[in-house]
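Report on the following structure.
The values are calculated or read from the model by the stated rules, or taken from the named source; none is laboratory data. A quick note: this is a predicted structure, and the numbers were derived from the prediction, not measured. Reconstructed Cβ throughout: ideal geometry from the backbone, glycine too, with neighbour counts over all protein chains shown.
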Amino acid sequence: MTALSQKLRQLTQLQSVLFERSYNPTSQHTGARFLRARLRGPSMLRYYPQAVPKRDLRALAWEMNWVDVAEEARLDDLAALKRRGKGAPRKIPSDRKKARAALKAAAAAEEAKKGGGAARK
């Protein structure tokens, strides 16, 4: 019986060479079928259209005088909110920001000098 099993093993080894398959006498999972499978990426790239950047679409729309309805509605809503006083707050100019940051830093240094390390209530 061992001669028969040895001949079967030789036969499977010869088959693997002839049919370009990996010889796997222990029948372990190797993932060979996934590696042999055709790659899906190229066909998927052909299926889906090429992506066009938004900035190119906006430039094209600007040249052709198209109107973005959603953007127009958003701008109208913002204008209505601003008229009612519910809009975004004004931005502080950078020099005022710097002055405010300097005042905060000075106040924090003064607080630390006085020993104001206690937690706020």
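Side notes on the structure shown:
- Residues that are in a helix (DSSP H, G or I) and of a type in the set (S, T, N, Q), drawn from the range 4-38: S5, Q6, Q10, T12, Q13, Q15, S16
- Any hit, the range 39-55, residues being assigned to a helix (DSSP H, G or I), surrounded by 10 or more Cβ atoms within 10 Å (Cβ to Cβ) and among the charged types (D, E, K, R): no
- For the range 72-118, a tally of residues being among the charged types (D, E, K, R), at pLDDT below 80 and assigned to a helix (DSSP H, G or I) returns 3.
- Output for the range 1-25, where each listed residue is aromatic (F, W, Y) and surrounded by 10 or more Cβ atoms within 10 Å (Cβ to Cβ): Y23
- Residue in the range 26-38 that is modelled with the lowest pLDDT, counting only those that are exposed (fewer than 10 other Cβ atoms within 10 Å of the Cβ) and closer than 24 Å to S5 by Cβ: S27
- Close pairs from the range 3-29: first free of Cβ contacts under 8 Å to residues at least 40 places away in the same chain, partner of a type in the set (S, T, N, Q), Cβ under 6 Å, at least 6 apart: Y23/Q13; Y23/S16
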